[in-house]
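Everything on this sheet refers to the single structure shown next.
The values are calculated or read from the model by the stated rules, or taken from the named source; none is laboratory data. For clarity, every value in this text was computed on a predicted model and none was experimentally measured. Cβ: placed from backbone, ideal geometry, glycine included. Neighbour counts: every protein chain shown.
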Amino acid sequence: MDKVKGKILWIDDEIELLRPHILLLEQRGYGVETATNGEDAVELVRQKHFDLIFLDEMMIGLSGIETLPLLKDIDSSTPVVMVTKNEAESLMDEAIGKRIDDYLTKPVNPAQILAACKKFLETKAIEQDRLTQDYFKGFNEIAQKLYEPLEWTDWKDLYLKLVNWSIELDRYPDLGFYDTLQNQWRECNAGFSKFIESNYKDWLNAYPNESEHPILSPQIVEKYLMPLLKNDRPTFFFVVDCMRADQWLIMEKILAPFYTFKKDYYCSILPTATPYARNSIFSGLFPIDIQKYYPQWWSKELNTEDHKLNAYEKELLDEQLKRRNIKLKTNHQYIKIHETEFGKKIEADILKFAKNHLTSIVLNAVDMIAHSRSDYAILKEIAPDEAAYRSLTQSWFLHSSFYGMLRALANVKNIQIVITTDHGSVRCMRGVKVLGDKETTTCLRYKFGKNVKADSRYAMQIPDPAYFKLPNLGITVNNIIAKEDYYFVYPTDYHYFVQRYRDSFQHGGISMEEMIIPVVTLQAR
């Protein structure tokens, strides 16, 4: 016997007149039960679950409008379609207020009824079938692409396809594509790491000739922010630490009622770490040049805390604007948010900042989520995989001061907003043994220090930092940067630390998630 597509309850005091429709539904594979009044219907719904309810608006005894909230109180998840002769707007408003899911106008025809059933009972199955077909087609296209010579734009497109597939498949975890998709991510990141090893140094040598390399961190302000500043309109520059493309797309969907988006993706410099990449954005320079021209704002300490290494972002941006002959009408306002209460205070005052020519706001919350997941078992339980990590990002954003600020700014006339990040993060699953002395940096995805060594299959070697526009640390070094989803672990207590950091979100290395990152201009609707 074929599986029933869904169980339907049809409530109408003239149910005999609807027998042809009920017969049609049964022939199409639906199970249908009936009730001729609201009281009987409520009792039926108490006894068993229905997948869809058709409810007549005008009935003897309890009316449809009166029956509706009783049904919803018993099982709010069951969709209710009201069937009515009355097309008055006031009736529809009342029905919607009492949680009606849809309505049909009498006399109903078979096409209307079947359409309602497909909408509420078969949409998921239809979408899953379509997604399965599209995914296998897309999977084969990506697999084929990996055999071709790829340029930056090809890798960017391939990465965004994987991101969009991942987000779409989040909705259907039962399809069983998780392992297949993870394997494809790993294959693509292996190819991308080889691509970066072969091309990254050439991009730096070609800089700033954009035709020969992707847009890099030092170009973000000049390319995306400065053209807006020349308009003399209030401008906000948000830099969200450690925000991946998939995390932005989650936020973008929430912001869509308030803004339109002009979106691009650029390449973070190496290492994909805050002290290097974010200082590079604000200064418009590579790290080696920051140290050369602004030594007072560049720490020589290898293991200094990040917030100290990025203590002069305002000064670096002010200097960049001065070099580019950008004159602001008001003083540049710079804000760094790393505490919830402070973020709420800035949210409350955000409209005051809208009077400034330029307000730069750095938000550390996403980076804190990534690192806290490693430190707190409850967060790893809440977000055990990539899909749940995206869900955690969504939950944070909906309740964040960042969202509150953007909602408020959507109502400000002529406001200009640029949102970007310094780097993304990758879920690290494979530990690699590394050797180095006590002066070596503590980061899991890159190691700068004396005679540091790791297998070249898992790490890109940087024998001379100057070739990669990185400062010379004044010691004999053999710097390394992790590829794909590898992370570095010292031999001492190796197995303990492999387990300690396995399945953590880290940054600093070479992966699509860390290096291909969004920069977005928002326009209020």
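Values as computed for the structure displayed
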quantity: All positions within the stretch 227-265 that are free of Cβ contacts under 8 Å to residues at least 60 places away in the same chain and within 30 Å of Lys322 (Cβ to Cβ); calculated: Pro227
quantity: Boolean, Glu148 is assigned to a loop (DSSP other than H, G, I, E, B) and among the charged types (D, E, K, R); calculated: yes
quantity: Matching residues in the stretch 350-373 - criterion: being over 14 Å from Phe236 (Cα atoms) and not β-branched (Val, Ile, Thr); calculated: Asn364, Ala365, Asp367, Met368, Ala370, His371, Ser372, Arg373
quantity: Tally, over the stretch 388-402, of residues that are closer than 27 Å to Phe282 by Cβ and not in a helix (DSSP H, G or I); calculated: 1
quantity: Among residues of the stretch 45-87, those that are farther than 24 Å from Gly29 by Cβ, in a loop (DSSP other than H, G, I, E, B) and of a type outside the set (D, E, K, R), counted; calculated: 8
quantity: Whichever residue in the stretch 491-523 is in contact with a Lys or Arg (Cβ under 7 Å, 6 or more places away or on another chain) and hydroxyl-bearing (Ser, Thr, Tyr) and, among such residues, is modelled with the lowest pLDDT; calculated: Tyr494
quantity: Residue identified as in the same structural domain as Tyr224 (by TED's automatic domain parsing) and crowded, with 21+ Cβ neighbours inside 10 Å among Leu406, Leu379, Leu444; calculated: Leu406
quantity: Counted residues, the stretch 107-140 - those being within 29 Å of Ile22 (Cα to Cα) and assigned to a helix (DSSP H, G or I); calculated: 21
quantity: Residue within the stretch 358-372 that is surrounded by fewer than 17 Cβ atoms within 10 Å (Cβ to Cβ), of a type outside the set (A, V, I, L, M) and modelled with pLDDT of 95 or more present; calculated: no
quantity: Pairs, first over 21 Å from Leu121 (Cβ atoms) in the stretch 36-61, second aromatic (Phe, Trp, Tyr) and surrounded by 15 or more Cβ atoms within 10 Å (Cβ to Cβ), C-beta under 9 Å, six or more apart; calculated: Glu57/Tyr103
quantity: Whichever residue in the stretch 446-496 is in a helix (DSSP H, G or I), of a type outside the set (Gly, Ala, Ser) and touching a helix residue (DSSP H, G or I) at 6+ places or on another chain (Cβ under 7 Å) and, among such residues, is farthest from Gly191 (Cα to Cα); calculated: Tyr467
quantity: In the stretch 182-227, the residues that are of a type in the set (Val, Ile, Thr) and part of a helix (DSSP H, G or I); calculated: Ile196, Ile220, Val221
quantity: Subset of the stretch 343-357 (residues that are of a type in the set (Gly, Ala, Ser) and surrounded by 14 or more Cβ atoms within 10 Å (Cβ to Cβ)); calculated: Gly343, Ala354
quantity: Pair list, Cβ under 7 Å, 6 or more apart: the stretch 176-188 residue under 17 Å from Trp155 (Cα atoms), other residue among the hydrophobic types (A, V, I, L, M, F, W, C) and not in a helix (DSSP H, G or I); calculated: Glu187/Leu146; Cys188/Leu146
quantity: Condition broken by Gly474, with the remaining ones in (1) modelled with pLDDT of 90 or more; (2) on the phi > 0 side of the Ramachandran plot; (3) of a type outside the set (Ser, Thr, Tyr) satisfied; calculated: (1)
quantity: Unmet requirement for Asp264, which otherwise passes all of (1) closer than 17 Å to Tyr446 by Cα; (2) surrounded by fewer than 17 Cβ atoms within 10 Å (Cβ to Cβ); calculated: (1)
